[in-house]
Structure formats: structure tokens, C-alpha cells
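A.B. asks: Sharing a structure here in C-alpha cells format.
The values are calculated or read from the model by the stated rules, or taken from the named source; none is laboratory data. All values derive from a computational prediction rather than experimental measurement. Every residue, glycine among them, receives a Cβ derived from its backbone with ideal geometry; neighbour counts consider all protein chains shown.
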Amino acid sequence: MCGIVGAVAARPVSAILLEGLKRLEYRGYDSAGLAVFDGEQIHRLRRAGKVRFLADAEQAAPLSGSLGIAHTRWATHGKPTEDNAHPHMSGEQLAIVHNGIIENFEPLKAALEEAGYQFSSDTDTEVIAHLIDQAVKAGASLQDAFLSTVSQLEGAFALGVMHKDFPGQILASRKGSPLVVGVGMGENFIASDQMALLQVTDRFIYLEEGDFVQITLDQVSIWDKTQQLVERPVKVFEHNLSVAEKGEFRHFMMKEIYEQPEVVKATMQGRITEDRLLEQSFGNGASELFDQTRQVQIIACGTSYHAGLIAKYWIEDIAGIPCAVEVASEFRYRKHVIPDNTLFITISQSGETADTLAALRAIKEQVLASLTICNVPGSSLVRESDLSLMTNAGPEIGVASTKAFTTQLVALLMLTVALARRNGLSEEQEANIIRGLHQLPSLLLAGVRLDKDIELLAQDFAEKNHALFLGRGPLYPVAMEGALKLKEISYIHAEAYPAGELKHGPLALVDKEMPVVTVAPNNALLDKLKANLQEVKARGGELFVFAGADKIQQEDGLKVRQMPDVPEFLEPIVYTIPLQLLSYHAAVLKGTDVDQPRNLAKSVTVE
């Protein structure tokens with residue numbers, strides 16, 4: 001949830017480090033800092049708040065040096081203050097940056113205080129700096145001190161360390177938190193995300209769990225968790241750099257909403273013909289594993305969890321296979337009863353979501369196979385799963401997920417087709433679904449074109465503090481996603497319910513101050529949903545309905561926006577768009593930080 005950048009170069013690195021931090025702002029943070037070694041001493045600069053405050057301070061008092069580390073922090077231990085910002089130091093000789101959480105830092109800290117070390121922060125990270133310093137002072141090399149310290153740490157971490165008595169190198173390691181090496185020409189880098197380094201290289205080594213790395217000007221040396229020297233492949237990052245620019249848009253979130261008609265094409269490209277799914281898209285051996293699948297278990301968090309809930313409707317309705325869906329943070333901490341021949345599916349935009357990754361590791365030996373739906377090639381979930389399907393959405397910068405969600409749904413619908421082939425799906429039924437997927441970009445474009453209309457609608461939310469979202473069937477998880485988006489970026493409290501649950505409690509909340517947003521496509525549940533709307537209207541509630549063409553008419557207290565005619569199995573994807581737009585415009589009217597909402601981070605790499 002934090003960001004790491006490090007550089008060893010023959011040129012000044014401060015500008016590289018600061019640019020890297022700016023490119024990591026989308027991950028969420030509350031303070032930032034950098035440390036640079038000038039050949040004689042380490043100079044450190046830290047600021048609470050935005051990276052621009054740090055950049056302004058560095059411009060006023062430039063840091064010169066060709067070796068450095070930098071960090072954006074999201075508070076876990078201690079408040080977001082300058083004293084708690086990274087890098088942390090032990091004396092004047094060692095600086096460290098750290099993502100993750102050290103669970104046993106308290107006894108380690110107590111032992112260090114007894115040994116005479118004084119702490120200047122409330123963080124768990126400072127413990128690591130002093131442990132390394134203690135080992136070096138006892139005569140260990142920096143590498144041995146680093147390794148011995150890591151062996152004492154419990155929890156999740158990615159680390160970057162430099163020491164003035166061991167110049168020209170950065171040491172780094174990862175356990176449960178992502179870290180990549182950027183390979184340059186006569187210079188090398190580390191970062192928690194390749195996005196941070198795209199201004200200096202497009203060649204990356206994705207470190208594996210437990211890896212330890214030393215980078216110098218001209219060499220990258222990697223040891224695995226058994227401390228054996230290993231080779232890791234160098235991969236070229238292929239995403240277009242323009243994804244990191246807002247272009248004509250005010251915010252990344254709006255840019256990413258508008259990108260959805262195009263990115264779903266990328267999700268489908270090379271994976272479907274005019275009327276057939278190309279099953280080999282899921283990887284070698286997928287067909288044989290799908291033949292054996294009798295049960296599906298989906299694990300995810302946040303928006304990805306909502307995608308999984310929608311997939312449950314598809315998998316059970318179209319494929320006729322039982323499907324369970326659970327939040328990863330709950331699943332990993334309880335006993336499980338896993339039926340035989342279960343396909344275990346994880347969904348994650350980043351591929352580094354801590355709880356999802358831990359759930360996979362805990363259950364992997366008990367299931368038929370694991371499949372991840374992910375947007376980041378080379379991520380931990382991709383490497384550790386038996387099968388993977390990349391959503392190909394391109395980097396998503398806005399913290400509130402939009403295009404990652406819709407591309408996950410497309411991938412899950414394709415998976416549903418693959419599973420349904422084994423359970424009676426005819427060639428004509430498959431062709432009907434695939435032809436619908438080919439229509440999807442134009443249907444999403446029709447949803448995006450409601451933008452200006454929804455902008456006007458959002459004015460009714462500007463002074464509201466609460467909202468209720470309703471849906472039925474697979475549109476209920478869509479309502480959940482709409483409520484999540486509104487609360488994430490506008491800070492309006494929002495809840496979602498199945499519309500049939502209104503009389504079981506939520507109706508008590510309905511009055512003119514509680515806008516009720518409803519997704520109401522023209523399907524078999526529409527008449528029942530209309531009755532639910534009347535219950536709201538009778539109690540003075542103000543309704544905002546996204547409805548199938550001409551099926552619900554606008555009247556006092558009932559504002560309707562007509563949606564295009566959509567095949568029923570595509571309704572959850574298309575009806576997501578207006579809810580994203582509504583949340584965006586409400587947030588703009590509220591004056592919140594749309595792309596970087598408070599207290600949130602893009603990649604949740606800690607519990």
C-alpha cells in the first residue's frame with residue numbers, strides 16, 4: 001500500500017526518485033521521503049502529505065548523489081507525520097525503506113532499547129534499521145547483516161537498504177509484498193511497482209517470494225529464499241506510457257471510465273472468434289482441468305469480490321456448476337470444507353492483494369487447480385496460480401476501480417462459457433454469448449454517452465450524506481459496487497440491498513434525505529422490482545432509476561435514465577457504467593480527491 005523507489009546510477013538520482021514517487025501516488029499514501037548518498041554522507045528529506053511538498057523541499061535544498069532510496073507511506077504504525085515518514089535511519093550511516101507490516105516489532109524493539117538504541121519514530125520499520133546496524137557494528141558485512149535481520153522478521157515486507165560504509169549498492173528483499181528490479185544501461189533500480197520506473201527503463205525482473213537482491217551500477221545479483229544464487233528472467237514491459245497521463249480528462253478515474261469500451265476489446269482479443277471461445281487462452285492444461293471441475297470457489301476483496309458475486313450467478317445459471325464466493329480476509333482465517341474437484345479462482349487487479357494471495361497459499365494443496373483473473377503480468381498471484389487470464393485493462397491509476405472491474409467481468413463470463421461447455425451448453429448458446437460479447441464495446445459506449453445527463457443527476461447528491469442502492473439477481477452485486485464507488489470517492493455513506501429485502505429493515509431509513517439508486521434492466525425480475533420502487537415512493541423517498549428502454553416512466557420523485565437494450569447476461573457489465581459516472585460526478589461536486597481518496601490505497605498489500 002506504500003511505494004518504494006531506489007536507484008544506483010552514474011548520474012544524480014533525486015529527480016528519478018521523485019518522478020518515481022509521483023508515478024506511485026495512485027497507490028495511496030500520507031507522507032513521502034527520500035535519502036541520497038553523495039559519497040560522503042546520507043542526506044534525508046521527508047514531508048507529511050503529498051509528494052509535491054517533498055519535491056518543493058528538495059528543489060529549495062537539492063540533494064546531490066548517485067545512490068538513493070525513496071518512499072511513499074500509508075500509515076500502519078504511528079500517525080502520518082514527518083517523524084514517521086520513510087526513509088528511516090540508524091544513526092547517520094544507514095537508511096531503509098519498507099512496505100508491509102512487521103508483526104513482531106514490539107519484542108524486537110524492546111531488545112534494541114535494552115541494547116541502547118533510541119527510537120525517533122512510532123513505526124515498525126525503524127526496528128529493521130537498528131537491527132541491521134547492530135549486526136554491522138558486530139562485524140558482519142552489510143549483506144550478512146541484512147539476511148540475519150530478515151530472518152528475525154515476522155510479517156510481510158519489501159525492503160530497500162543502503163549504507164554509507166558499503167557504497168555503490170542497494171540491498172532489497174521481498175516477503176509477501178511486491179518488489180521489482182528495473183534493469184538499465186549502466187544503472188539499476190528497485191521499485192514496488194514497475195510504473196515507478198517507466199521513465200528510465202522498460203526492462204524488469206519480478207522478484208519471487210523470499211528473494212534477496214543486490215543492485216550496483218552494472219550488476220543485479222539475486223539469491224532465493226534458500227540463499228542460493230539464482231537467475232530471474234528480464235521481461236519487457238509492454239504497456240503504452242500514455243496510460244500514466246490524464247490527457248484531456250480532469251481525473252484518471254474519468255479517463256478510465258471512458259476507456260472501458262476499448263479495454264474490453266483487449267480482454268477479448270485473441271480469445272474469441274466470431275462465435276466461439278478459444279479455451280486455450282486460459283493456459284496449458286486448462287481444458288483437462290475444466291473437464292474435472294465440479295465446484296468453483298472464488299476468493300477476492302473489494303471490487304473484485306463484487307465481480308466474483310456476479311460470476312456466481314453466471315456460473316450457476318449458465319454452467320450449472322455450484323459456485324461459492326467469499327471475501328479473502330474471512331476465508332483465510334477459518335476452517336474450510338473444500339469439495340473434491342474444486343477450481344479455486346482468485347480475482348485481483350494488482351495480483352498482489354495480501355489477503356487473496358494468503359488465501360491461495362493456504363488452500364492450494366487442497367484444490368483441483370487454481371486460476372487467477374488479474375491485470376498485472378508477473379504479479380505474485382499470476383506466478384503462483386496454475387492458470388491465469390490477464391484482463392489486459394492496462395494500468396489503472398485511479399484508486400477507485402472502474403475498467404479493472406468490467407474487464408474482470410468479461411474474463412469471468414468467458415470462463416463461464418468454458419465451464420458450461422462441459423455441462424450442456426450448445427454451440428448455438430455459446431455463439432449467442434460470444435456474439436453478445438462482440439456487441440459489448442458499443443453497449444458500453446452508449447452507457448458512457450450518458451455522462452452529461454448523469455452529471456446533472458449528480459447535483460441531487462451534492463448535499464446528501466447517505467444513499468441506498470437496490471438491485472435484484474446479478475444486478476444486486478452491481479448495486480453493491482455502485483454503493484462502494486460512491487462511498488470511496490465522495491465520502492457519502494452508501495449501502496446496497498437486494499430490493500426484495502426492503503421490507504426487512506432498510507425501508508425504515510427511507511425519507512426525502514435518502515436518495516435511492518436502482519438498477520432496473522428489462523428482465524424477468526422487473527415487475528417485482530417495480531413493486532419495490534413503489535414501496536420507496538410511498539414513503540417519500542427520492543428514486544433514481546437506470547432502466548431498460550421505456551419500461552419505467554419518469555414522474556414526481558422518480559428520475560429515470562434510459563439504458564440501451566442489453567442481452568440479459570451482459571446487464572451487470574453495462575449497468576455498472578452509469579453508477580461509476582454518478583459516483584464520479586458526486587465526488588467532483590463534493591470537492592473530494594477523486595483519484596486519491598483519503599485513507600485508501602490502490603494495491604492493498606498488507607492485511
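A.B. asks: I need every pair where a residue in region 107-120 that is assigned by the TED database to the domain that holds Gln152 has its Cβ under 8 Å from the Cβ of a residue that is small (Gly, Ala, Ser) and at pLDDT 95 or above, sequence separation at least 6 or different chains.
C.D. replies: Partner pairs satisfying both residue conditions: Tyr117/Ser90.
A.B. asks: In the list Ala400, Ala418, which residue meets the criterion of being outside the structural domain of Ile205 (by the TED database), in contact (Cβ under 8 Å) with a residue 12 or more places away in the chain and not in a loop (DSSP other than H, G, I, E, B)?
C.D. replies: Ala418
Condition check ((1) among the aromatic types (Phe, Trp, Tyr); (2) without any contact (Cβ under 8 Å) to a residue 12 or more places away in the chain; (3) more than 25 Å from Ser442 (Cα to Cα)) across all residues:
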| position | (1), (2), (3) |
| --- | --- |
| Glu231 | no, yes, yes |
| Lys246 | no, yes, no |
| Met253 | no, no, no |
| Thr293 | no, no, yes |
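A.B. asks: If the Cβ limit is 8 Å and pairs must be 6+ apart or interchain, which residue in region 176-187 that is farther than 30 Å from Leu360 by Cα and not assigned by the TED database to the domain that holds Leu357 pairs with which residue that is among the charged types (D, E, K, R) and part of a loop (DSSP other than H, G, I, E, B)?
C.D. replies: Within 8 Å, the pairs are Gly186/Asp218; Glu187/Arg11.
A.B. asks: Looking at Asp122, Asp133, can you tell me which residue is at pLDDT below 95 and in contact with a Gly (Cβ under 8 Å, 6 or more places away or on another chain)? Break it down into steps so the answer makes sense when it comes.
C.D. replies: On the way: Asp133 fails: at pLDDT below 95.
On inspection, the qualifying residue turns out to be Asp122.
A.B. asks: Within region 248-258, take every residue that is surrounded by 14 or more Cβ atoms within 10 Å (Cβ to Cβ) and part of a loop (DSSP other than H, G, I, E, B) and give me the one that is modelled with the lowest pLDDT.
C.D. replies: Phe249
A.B. asks: Going by what's in this entry, would Leu24 be described as touching a residue at least 40 places away in the same chain (Cβ under 8 Å) and crowded, with 23+ Cβ neighbours inside 10 Å?
C.D. replies: Details: touching a residue at least 40 places away in the same chain (Cβ under 8 Å): yes; crowded, with 23+ Cβ neighbours inside 10 Å: yes.
Here the answer is yes, as Leu24 does meet what is asked.
A.B. asks: Ok, one more. Quick check on my filter: what residues within region 442-471 are within 19 Å of Thr416 (Cβ to Cβ) and either surrounded by fewer than 16 Cβ atoms within 10 Å (Cβ to Cβ) or touching a strand residue (DSSP E or B) at 6+ places or on another chain (Cβ under 7 Å) (or both)?
C.D. replies: Passing the criteria: none in range.
A.B. asks: Another question, then. Ser385 fails exactly one of the following numbered conditions: (1) in contact (Cβ under 8 Å) with a residue 60 or more places away in the chain; (2) surrounded by 22 or more Cβ atoms within 10 Å (Cβ to Cβ). What is the number of that condition?
C.D. replies: (1)
A.B. asks: Please pick out the residue among Ala110, Ala138, Ala145 that is of a type in the set (Gly, Ala, Ser) and crowded, with 19+ Cβ neighbours inside 10 Å.
C.D. replies: Sole residue among the options that is of a type in the set (Gly, Ala, Ser) and crowded, with 19+ Cβ neighbours inside 10 Å: Ala145.
A.B. asks: Consider Leu153 carefully, then state whether it is more than 20 Å from Gly68 (Cβ to Cβ) and either under 23 Å from the mean Cα position of the chain (by Cα) or in contact (Cβ under 8 Å) with a residue 40 or more places away in the chain (or both). Explain how you work it out, then say what you get.
C.D. replies: Values: more than 20 Å from Gly68 (Cβ to Cβ): yes; either under 23 Å from the mean Cα position of the chain (by Cα) or in contact (Cβ under 8 Å) with a residue 40 or more places away in the chain (or both): yes.
Yes.
A.B. asks: Give the number of residues within region 233-247 that are touching a strand residue (DSSP E or B) at 6+ places or on another chain (Cβ under 9 Å) and either modelled with pLDDT of 95 or more or among the hydrophobic types (A, V, I, L, M, F, W, C) (or both).
C.D. replies: 3
A.B. asks: Given His493, His504, which one is assigned by the TED database to the domain that holds Pro578 and touching a Lys or Arg at 6+ places or on another chain (Cβ under 8 Å)?
C.D. replies: When all the criteria are applied, what remains is His493.
A.B. asks: Can you name the residue in region 289-335 that is among the polar types (S, T, N, Q) and farther than 24 Å from Ala404 by Cβ and, of all such residues, is surrounded by the fewest Cβ atoms within 10 Å (Cβ to Cβ)?
C.D. replies: Gln292
A.B. asks: Another question, then. Of all residues in region 33-54, which are aliphatic (A, V, I, L, M) and at pLDDT below 95?
C.D. replies: Ala48, Val51, listed by residue number.
A.B. asks: Another question about this same structure. Hey, any hits in region 485-493 for a residue that's in a helix (DSSP H, G or I), modelled with pLDDT of 95 or more, within 23 Å of the chain's Cα centre (by Cα) and buried (at least 21 other Cβ atoms within 10 Å of the Cβ)?
C.D. replies: no
A.B. asks: Moving on to the next point. Mind counting the residues in region 64-106 that are touching a His at 6+ places or on another chain (Cβ under 7 Å) and more than 26 Å from Lys137 (Cβ to Cβ)?
C.D. replies: Summing the residues that are touching a His at 6+ places or on another chain (Cβ under 7 Å) and more than 26 Å from Lys137 (Cβ to Cβ) in region 64-106 gives 1.
A.B. asks: Hey, another quick one. Checking the conditions here, which among Lys109, Lys22 is within 26 Å of Ser141 (Cα to Cα) and of a type in the set (D, E, K, R)?
C.D. replies: None of the other options fit; the residue is Lys109.
A.B. asks: Continuing with this model, one more query. Which of the strands (runs of 3 or more DSSP E) found entirely inside region 50-111 contain at least 2 residues meeting this: out of contact with any helix residue (DSSP H, G or I) (no Cβ under 6 Å at 6 or more places or on another chain) and under 19 Å from Phe189 (Cβ atoms)?
C.D. replies: Numbers: elements: 67-73, 88-90, 94-102.
By residue number, 67-73, 94-102.
A.B. asks: Return the residue satisfying two criteria in turn: it lies in region 347-372 and is touching a Gly at 6+ places or on another chain (Cβ under 9 Å) and assigned to a strand (DSSP E or B), and of such residues it is surrounded by the fewest Cβ atoms within 10 Å (Cβ to Cβ).
C.D. replies: The extreme case among them is Ala369.
A.B. asks: Being outside any strand (DSSP E or B) and in contact (Cβ under 8 Å) with a residue 24 or more places away in the chain is true for just one of Leu456, Leu444, Leu468. Which residue is that?
C.D. replies: Exactly one residue qualifies, and that residue is Leu444.
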